[in-house]
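Undergrad: Have a look at this one before I ask anything.
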Amino acid sequence: MSATIDYLLHLADNAVVLGQRDAEWCGHGPILEEDLALANVSLDLIGQARLLYQRAAELKGDGTTEDQLAYFRDSQAFRNYTLLELPHHGALVGYAVADRDYAATIVRNFLYSALMVHVWDALQTSADSTLAGIAAKSLKEATYHLHHSRDWLVRMGDGTDESHARAQAAVNHLLPYTEEFWTVSPAEAAAVEAGVGVDVRSLRGAWDALVNDALAEATLTRPQVRGYVPQGKVGLHSEHLGFLLAEMQSLARAHPDGCW
Amino acid sequence: MTTATLEQVWVALEGLTDPEIPVVTLRELGILRDVRSGPDGLVEVVITPTYSGCPAMGQIEDDVRATLENAGIAARVITQLSPAWTTDWMNEAAREKLRAYGIAPPHQTKPDVSVVRFMRRPAADPVACPQCGSTHTVVTSQFGSTACKALYKCLDCQEPFDYFKPY
């Protein structure tokens, strides 16, 4: 049971953190259509997170609610991939400010949705039938997210010198963070053992094929990746998650009994 | 509150439409899945969510509850995730209503074209303009005014229009 809850929280935290990040573009999109697109992607992700938190809360069975899981846990308790909490620009310290770069947004959404189409597809046969139901819905949504981000990746990479340079810089910056996908956390191992989760390592070949094909069409180079492997999914986050959560959680914490 | 027959519940809910697309009913959209007798004899109304984050779902559930209450029907509303909602559940009459309202209806989904096997995106079927019927159309954006719609433009009559995306 606790293996299932930990695994659900990993999936839910992924969705809510990227949903919150992408929502930063709402009202600030590079063009109106992309403003709408990112807001829609965020809605899907936050909707997925809600369903997953609701299931986790139900399994906890101690009166915990979805809101408590999203708004009243601190950064060390979050189990999302580090990739998803990074700001929409290149490497900076947590409190520094830079303009958002849409190339970083698109590359991240592509790398993540290229993984999630495979994860959700596999989870349709999860031993947890509620998770299997969520996976069947999320697969349809992740497919649209993949189409959207892949189209823009190709458009930017195979575009102007400026868009190509920015897309390549974003790939160089973000691809190393995907190494975290392929390590198996204790929560994932337990969920796989229970038949609830999927062994991500089995998805690597399919993910590589999707990524290599898109990068080639976008005339981008896949950088060699080595060195530090992020550990966000075991709770060791970058300096950026705390700032993201501070914004996301402040309203709920200021009015803990509020409802709408 | 009275004990209504299942038929009476269906009739009471028949007039309920989608809050964003008021020309199609919840039954036609496949959101209203079932009306059945629960294990304790209470009527159960089964609805299924569309997109995970669709903001209209809360309104839809409220509408169902309010309609039942106004009709004096005691019932339980159950949200069911599986099988996942699909636009394939919309019948031809509902599709025609969408078209008349100015929204291009969704194509049938293609379960054989698995996303997991696809590399390049499969060529999309042409979407017919709901105004002039031309299939000489282009996608402006895969994401439109609501989660379930894409933005298209007709190259013949020049009208922009919404396309209800296959899901």
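Undergrad: To the nearest 20 debye, what charge dipole does the stretch A:70-199 have about its Cα centre, counting +1 at the Cβ of each Lys and Arg and -1 at the Cβ of each Asp and Glu? Could you put the intermediate results ahead of the total?
TA: Working: 9 positive and 16 negative charges, 58 e Å.
So the dipole magnitude of the stretch A:70-199 works out to roughly 280 debye.
Undergrad: Something else now. In degrees, nearest 10, range 0 to 90: what is the angle between the Cα axis of helix A:240-254 and the longest Cα principal axis of chain A?
TA: Computed tilt is about 50 degrees.
Undergrad: Which net charge results when you count Lys and Arg as +1 and Asp and Glu as -1 among the other residues whose beta-carbon is under 12 Å from that of residue A:188?
TA: Details: positive: A:79, A:201, A:233; negative: A:6, A:180, A:193, A:199.
Result for the local shell: -1.
Undergrad: When only Cα pairs under 8 Å and 6 or more residues apart are kept, what is the percent relative contact order across chain A?
TA: Numbers: 365 pairs, mean separation 66.9, N = 260.
Here the relative contact order equals 26 percent.
Undergrad: What is the mean number of Cβ atoms from other protein chains located within 10 Å of the Cβ atom of each residue in peptide B:82-95, rounded to a whole number? It would help to have the intermediate numbers written out before the result.
TA: Values: counts 9, 3, 10, 3, 3, 1, 0, 0, 0, 0, 0, 0, 0, 0.
That average works out to 2.
Undergrad: Please report the net charge: other residues with Cβ closer than 11 Å to the Cβ of residue A:3, K and R +1, D and E -1. Mind dumping the intermediate values first?
TA: Numbers: positive: none; negative: A:6, A:128, A:188, A:193.
Every neighbour counted, the sum reads -4.
Undergrad: Please compute the net charge surrounding residue A:71, taking Lys and Arg as +1 and Asp and Glu as -1 over other residues with Cβ under 13 Å from its Cβ. Intermediate values should be presented prior to the final figure.
TA: On the way: positive: A:50, A:73, A:253; negative: A:13, A:66, A:67, A:74, A:247, A:257.
That works out to -3.
Undergrad: How big is Rg to Rh over the stretch A:2-254, alpha-carbon atoms, Rh as the Kirkwood inverse-mean-distance radius?
TA: Working: Rg = 17.3 Å, Rh = 18.3 Å.
Answer for the stretch A:2-254: 0.94.
Undergrad: Moving on. With N residues in the protein assembly as shown, what two-decimal value do you get for its Cα radius of gyration over 2.2 N^0.38 Å?
TA: Details: Rg = 22.2 Å, N = 427, 2.2 N^0.38 = 22.0 Å.
After normalising by residue count via 2.2 N^0.38 Å, the value is 1.01.
Undergrad: How many percent of all Cα-Cα pairs in the stretch A:150-260 sit more than 20 Å apart?
TA: Details: 3685 of 6105 pairs.
Of all Cα-Cα distances in the stretch A:150-260, 60 percent exceed 20 Å.
Undergrad: Just to confirm the number: angle between the C-alpha axis of helix B:56-70 and the first principal axis of chain B, 0 to 90 degrees, nearest 10?
TA: Relative to chain B, helix B:56-70 is tipped by roughly 30 degrees.
Undergrad: Using alpha-carbon positions, what is the distance between the centroids of the stretch B:123-167 and the stretch A:20-69, in Å?
TA: Centre-to-centre (Cα) distance: 27 Å.
Undergrad: Just want the ordering: A:79, B:27, from fewest to most Cβ atoms lying within 10 Å of their own Cβ. Could you put the intermediate results ahead of the total?
TA: Details: A:79 24, B:27 19.
Lowest count first: B:27, A:79.
Undergrad: Once the Cα atoms of helix B:92-101 and of chain B are each reduced to a long axis, what angle between those two axes, in degrees from 0 to 90 to the nearest 10, is obtained?
TA: 70
Undergrad: Using the Cα centre of chain A as origin and beta-carbon charges of +1 (Lys, Arg) and -1 (Asp, Glu), tell me which of A:190, A:20, A:236 is placed farthest towards the positive end of the dipole.
TA: Farthest towards the positive end: A:190.
Undergrad: Another question about this same structure. Find the percent of Cα-Cα distances in the stretch B:1-90 that exceed 17 Å, and round it to a whole number.
TA: Values: 1774 of 4005 pairs.
In whole percent, the share of Cα-Cα pairs in the stretch B:1-90 beyond 17 Å is 44.
Undergrad: In what sequence do A:166, B:99 fall when counting other Cβ within 10 Å, fewest first?
TA: Values: A:166 21, B:99 18.
Sorted ascending by nearby Cβ count, the order is B:99, A:166.
Undergrad: Would you tell me the mean number of C-beta atoms belonging to other protein chains that fall within 10 Å of each C-beta in B:142-149, as a whole number? Spell out each step's value before the answer.
TA: Details: counts 10, 14, 4, 2, 3, 8, 1, 1.
Per-residue shielding by partner chains comes out at 5.
Undergrad: Taking 7 Å along the Cα-to-C-beta vector as the label spot, tell me the residue A:62-residue A:254 distance in nanometres, rounded to one decimal.
TA: Reported label-point gap for residue A:62 and residue A:254 is 3.0 nm.
Undergrad: While we're looking at this one, here's another question. For the stretch A:98-224, what Kirkwood radius comes out of the mean inverse Cα-Cα distance, in Å? Spell out each step's value before the answer.
TA: Numbers: mean 1/r = 0.0650 Å⁻¹.
15.4 Å is the Kirkwood radius here.
Undergrad: Just A:110, A:78, A:243 to compare: in a GNM of chain A, with alpha carbon springs under 10 Å, which one fluctuates most?
TA: A:243
Undergrad: Could you give the size of the charge dipole of the protein assembly as shown about its Cα centre, using +1 on the Cβ of each K and R and -1 on the Cβ of each D and E, expressed in debye and rounded to the nearest 20? Can you show the working numbers first?
TA: Working: 34 positive and 54 negative charges, 136 e Å.
Magnitude of the dipole: close to 660 debye.
Undergrad: When only alpha-carbon atoms count, how far does chain B stretch along each of its three principal axes, as whole angstroms with the largest first?
TA: Sorted largest first, the three principal extents are 55, 36, 25 Å.
Undergrad: Explain nothing, just the number: dipole magnitude of the stretch B:6-79 about its Cα centre with +1 on each Lys and Arg Cβ and -1 on each Asp and Glu Cβ, in debye rounded to the nearest 20. List each step's numbers first, then the result.
TA: On the way: 5 positive and 12 negative charges, 29 e Å.
Rounded to the nearest 20 debye, it is 140 debye.
Undergrad: Out of all DSSP beta bridges in the protein assembly as shown, what portion is antiparallel? Express it as a percent rounded to 5. Don't skip to the answer; put the middle values down first.
TA: Numbers: 16 of 24 bridges.
The antiparallel fraction comes to roughly 65 percent.
Undergrad: Normalised by the number of residues in the stretch B:6-79, what is the relative contact order in percent for Cα pairs under 8 Å and 6+ residues apart? Present the calculation step by step, with values, prior to reporting the outcome.
TA: Numbers: 93 pairs, mean separation 23.5, N = 74.
Across the stretch B:6-79, relative contact order equals 32 percent.
Undergrad: Total Lys pairs in the protein assembly as shown closer than 17 Å by alpha-carbon, pairs eight or more apart in sequence or interchain only?
TA: Lysine pair count for the protein assembly as shown: 11.
Undergrad: When only Cα pairs under 8 Å and 6 or more residues apart are kept, what is the percent relative contact order across chain B?
TA: On the way: 275 pairs, mean separation 31.4, N = 167.
Reported as a whole number, the value is 19 percent.
Taken together, the values in this text are just the output of simple stated rules run on the coordinates, not laboratory data. Quantities reported herein were computed from a predicted structural model and do not represent experimental measurements. We place every Cβ from the backbone using ideal geometry, glycine too, and count neighbours over all the protein chains shown.
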